[in-house]
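Structure, as structure tokens:
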Amino acid sequence: MKKLLFVSNISNNVGSFVVASIAAAKKCGFEFYYAANWDGATKEQIAEDEKKYGIKIVHIDLERSPYSTKNIKAYKQLVDLINKEKIDYIHCNTPVGGVLGRLAGEKCKVKKIVYEAHGFHFYEGAPKKNWMIYYPVEKWLAKKTDAIITINNEDFERAKTFKLKNNGQVYYVPGVGMDLSQYNVPDIVREIKRNELNLKDTDFALISMGDLIDRKNYKIAIEVVAKLNNPHVHYFICGKGPEEVNLKKLAENLGVDKQVHFLGFRNDIKELLKASDTFLFTSKQEGLARSLMEAMASKIPCVVSKIRGNTELIVNNENGFLCSGLDDYVNAIIKIMQSPDLAYKFKEKSSKHLNNFSIEKVIDCLFDVYSKEYR
């Protein structure tokens with residue numbers, strides 16, 4: 001049986017990031033190895049996931065930062081794993097996993113190496129330093145790569161300009177796959193969850209999910225709440241991160257600290273989305289945001305930044321609003337608040353559009369890539 005090594009970065013469990021790849025590999029008859037940093041997972045969780053998905057999980061001391069010297073050790077661990085298990089193929093992901101997976105695969109003379117880009121750091125409008133640092137590195141690594149998978153069209157067009165190993169191919173795959181059936185949450189949940197959040201019938205709930213980091217741009221979202229100047233608007237932020245103290249201070253300074261609620265890490269995202277009235281997504285950079293797809297699947301209107309990835313999912317004024325500045329966000333939310341018909345149109349069109357990004361669609365796409373590349 002041929003062996004496929006899937007290289008990621010940090011993993012606490014087998015989640016949506018890898019499920020479609022596992023399914024596609026099994027359809028091809030491959031044995032599946034999942035290499036990542038599993039420090040955050042218990043032995044019981046790892047054993048449970050191995051049994052549930054029929055895979056082998058391997059801990060590698062990968063660090064998220066590309067500048068960490070600990071990744072030298074991770075590279076050596078990958079080389080040892082590839083040689084010991086006689087890995088045939090590699091599917092590597094994330095910036096660090098993508099670099100180490102390709103270098104280790106080349107050293108060990110792995111038959112085929114595929115890299116999946118979940119959002120290049122160089123993109124239209126990116127800082128110059130991103131282009132100076134990451135673009136040359138990716139062009140160099142492309143020569144060691146048999147195929148590249150991209151999850152948005154801007155990256156797809158960019159990747160096609162690279163010179164791949166043996167004139168390799170670039171593929172477009174619509175994300176990591178959404179199991180849309182999981183988002184059919186009963187209507188009664190909305191009432192229960194809104195009661196938990198102390199929301200009245202007259203309140204309008206905005207919601208965001210993601211790490212509290214500069215890239216997610218929560219600062220402008222809090223400024224939106226302040227400019228709306230409506231005490232019935234409440235904004236719920238799900239996530240943790242280094243910007244939390246600064247964001248809380250900003251909300252206090254703008255006088256909306258009673259309207260902006262920091263919920264931390266949550267396991268009830270589907271229920272919180274059901275309780276909300278609009279998804280507010282002000283991120284500066286994305287590949288193809290899963291949080292946005294979750295909101296669309298939950299059938300709530302979406303007001304999002306006009307950036308790569310988001311434009312794959314939202315068509316302005318058709319199934320949501322694409323925004324470029326503070327006033328855009330404010331006006332978009334006011335329109336949704338004032339027009340139930342508009343909100344309904346957005347919800348229905350978003351739900352239909354998401355069929356193009358379903359888990360079934362992604363499994364089929366990955367099976368096609370594996371069948372062509374890993375033969």
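A short reminder: the numbers here are calculations on the coordinates, not readings from a lab. As the structure is a prediction and not an experimental result, all values here were calculated from the model. Cβ sites come from the backbone with ideal geometry, for glycine too, and all protein chains shown count toward neighbours.
General observations
- If you go through region 308-320 and keep only what is surrounded by 24 or more Cβ atoms within 10 Å (Cβ to Cβ) and either part of a strand (DSSP E or B) or of a type in the set (A, V, I, L, M, F, W, C) (or both), you end up with Leu313, Ile314, Gly320.
One line per residue, one yes/no per condition, for (1) closer than 26 Å to His121 by Cβ; (2) touching a residue at least 12 places away in the same chain (Cβ under 8 Å); (3) surrounded by fewer than 19 Cβ atoms within 10 Å (Cβ to Cβ):
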residue	(1), (2), (3)
Thr42	no, no, yes
Glu48	no, no, yes
Lys51	no, no, yes
Lys56	no, yes, yes
Ile60	yes, yes, no
Arg64	yes, yes, yes
Tyr67	yes, no, yes
Asn71	yes, yes, no
Lys76	yes, no, yes
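- Hey, Asn267 part of a loop (DSSP other than H, G, I, E, B), touching a strand residue (DSSP E or B) at 6+ places or on another chain (Cβ under 9 Å), surrounded by fewer than 21 Cβ atoms within 10 Å (Cβ to Cβ) and not charged (D, E, K, R) or not: no
- Among all residues of region 28-44, there is none that is in contact with a Leu (Cβ under 9 Å, 6 or more places away or on another chain), more than 22 Å from Thr150 (Cβ to Cβ) and among the β-branched types (Val, Ile, Thr).
- Residue in region 38-54 that is of a type outside the set (D, E, K, R) and closer than 27 Å to Pro174 by Cβ present: yes
- Taken over region 141-168, the residue count meeting the criterion of being touching a residue at least 12 places away in the same chain (Cβ under 8 Å) and under 21 Å from Leu103 (Cα atoms) is 17.
- All told, Tyr89 meets the bar of being aromatic (Phe, Trp, Tyr) and under 24 Å from Phe367 (Cα atoms).
- Test: residue in region 184-198 that is in a strand (DSSP E or B) and touching a residue at least 60 places away in the same chain (Cβ under 8 Å): no
- Cβ-Cβ under 6 Å pairs, at least 6 apart or on other chains, region 169-183 side more than 11 Å from Ala20 (Cα to Cα), far side in a loop (DSSP other than H, G, I, E, B) and of a type in the set (D, E, K, R): Val170/Lys160
- Residue check, Asn246 over 18 Å from the mean Cα position of the chain (by Cα) and surrounded by fewer than 15 Cβ atoms within 10 Å (Cβ to Cβ): yes
- Single match in Asn316, Asn331, Asn310 (criterion: without any contact (Cβ under 8 Å) to a residue 12 or more places away in the chain, touching a strand residue (DSSP E or B) at 6+ places or on another chain (Cβ under 8 Å) and farther than 19 Å from Gly15 by Cα): Asn316
- Members of region 86-110 found to be hydrophobic (A, V, I, L, M, F, W, C) and either crowded, with 23+ Cβ neighbours inside 10 Å or farther than 18 Å from Glu63 by Cα (or both), listed by number: Ile87, Ile90, Cys92, Val96, Leu100, Ala104, Cys108, Val110
- In region 106-144, the residues that are under 21 Å from Gly175 (Cα atoms), in a strand (DSSP E or B) and charged (D, E, K, R): Glu116
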